1. For the range 55-72, indicate whether the set of residues that are at pLDDT 90 or above and in contact with a Phe, Trp or Tyr (Cβ under 8 Å, 6 or more places away or on another chain) is non-empty.
2. Looking at the range 1-17, which of its residues are more than 15 Å from the chain's Cα centre (by Cα) and either crowded, with 19+ Cβ neighbours inside 10 Å or more than 20 Å from Trp104 (Cα to Cα) (or both)?
3. What is the residue count in the range 139-176 for residues that are modelled with pLDDT under 85 and either part of a strand (DSSP E or B) or within 18 Å of Ser233 (Cα to Cα) (or both)?
4. Among the residues of the range 177-194, is any on the phi > 0 side of the Ramachandran plot and at pLDDT 90 or above?
5. Search the range 236-262 for residues that are in contact (Cβ under 8 Å) with a residue 60 or more places away in the chain and pair each with any residue that is open to solvent by 40 Å² or more (accessible area, probe 1.4 Å) when their beta-carbon atoms are under 7 Å apart and the residues are at least 6 apart or on different chains.
6. Modelled with pLDDT under 95 and under 25 Å from Val295 (Cβ atoms): does that describe Gly248?
7. Within the range 19-29, can one find any residue that is at pLDDT below 60 and out of contact with any Pro (no Cβ under 9 Å at 6 or more places or on another chain)?
8. One residue is enough: does the range 39-48 have a residue meeting the conditions open to solvent by 40 Å² or more (accessible area, probe 1.4 Å), farther than 30 Å from Phe277 by Cβ, part of a helix (DSSP H, G or I) and modelled with pLDDT under 90?
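The values are calculated or read from the model by the stated rules, or taken from the named source; none is laboratory data. Bear in mind that the values here come from a model prediction, so they are computed numbers and not experimental data. Don't worry about glycine lacking a Cβ; one is built from the backbone with ideal geometry, like all the others, and counts go over all protein chains shown. Ligands, DNA and RNA are stripped out before the accessible areas are found, and what is left, the full protein with its side chains, is counted by its heavy atoms. Shrake-Rupley method; radii C 1.70, N 1.55, O 1.52, S 1.80 Å.
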Amino acid sequence: MKLLIAYDGSRCAEAALDDLTHAGLPVKGEATVISVAEVWLPPPPPSSLEIVELAVTAKGPLGLERKYMAGSEAVKDADALASKAAARFQSNFPAWTVKHEAAWGSPNWEIFSKATEWKADLIVVGSHGRTALGRFFLGSISQWLLNEARCSVRVARGKIDEPDFPVRLIVGLDGSSNAEAALDEIATRNWPAKSEVRVVIVDQPLEPTVVGEFIPVVSQTVDEGNSEESERSRNLASAAATRLRAKGLRAEALVKIGDPKHELVKFAEEWRADCIFLGATGLTNLVERFLLGSVAGAVAARAHCSVEIVRKNTLPGKANGNGNN
């Protein structure tokens, strides 16, 4: 597994690091911690001596600018943050190869670019818990990456550890290939003993129109369709739970009725889940996504636990799947 951890020194970023101890990560892997310095104003101009020293190895004006920014105080501070986080991750996962780096510019773009260039399997970001109004106008790094990243994204939220309390996972299924990828992700990870999984399918039954309610044939057809869909959901969830039990997990199947965006979040809070796994089946049309959102995005924004959105890696040279070792 190639893991890219976005870190900014905030409490949310600290919680994201702690959360990874409950993420079922493999014993070995590669991790890179990146911290991005948001530089809104240009730094003071370099002295003549600095220009000469930098120009010796720089290739053109852009290379000179990059070298100068890399040595700025803001980027040095970001590098120190990344180094601290990398050491903390390494202490929890001693067999992993861990690196760190600092960048400057837009956090969204720098994290996205690094993940694309490095062919990361999973991006980990903390959730800053902005209000709905703030997200509407400003967006958030996590929500932007959920929509744009070409690999899986984990929006991590920490929780209070309780002795002997098992890791609890929810996987939401809808029959899509990306939902199957989320199931695969859980099945192939390295979970501690007694970990529990709930395979959840949320059905939204069809309802006859006002006119249809007065026509028995229409009402009967709708009822039959809902019954068939409910049976299909039960069979799908049951088969998935059986598969996870074969991997040593305590898995059960559930079929709920309602809106997936609400039901998954509600159940996760009631059951005190550690993480919700979902496939990245969100809308691809930008206008539709803006107006309606996606189940994955809505759950990631509202859930009180971590949410991992699993996407089959679309990068050239990557096989389908997450590349776990």
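1. Restricting attention to the range 55-72, the residues satisfying the condition of being at pLDDT 90 or above are none.
No - not one qualifying residue is present in the range 55-72.
2. Looking only at the range 1-17, we keep the residues that are more than 15 Å from the chain's Cα centre (by Cα), and these are 8-11, 14.
The answer is Asp8, Arg11, Glu14.
3. Total meeting the criteria: 2.
4. Our first condition is that a residue be on the phi > 0 side of the Ramachandran plot; within the range 177-194, this holds for 194.
Narrowing further to those that are at pLDDT 90 or above: 194.
Yes, the conditions are met somewhere in the range 177-194.
5. Leu236/Gly175; Ala237/Ala253; Ala237/Leu254; Ala237/Val255; Ala240/Ala253; Arg250/Lys194; Pro260/Val295
6. No; evaluated as a whole, the condition is false for this residue.
7. Pass one, the range 19-29, residues at pLDDT below 60: none.
Within the range 19-29, not a single residue is at pLDDT below 60 and out of contact with any Pro (no Cβ under 9 Å at 6 or more places or on another chain).
8. Yes, some residue in the range 39-48 is open to solvent by 40 Å² or more (accessible area, probe 1.4 Å), farther than 30 Å from Phe277 by Cβ, part of a helix (DSSP H, G or I) and modelled with pLDDT under 90.
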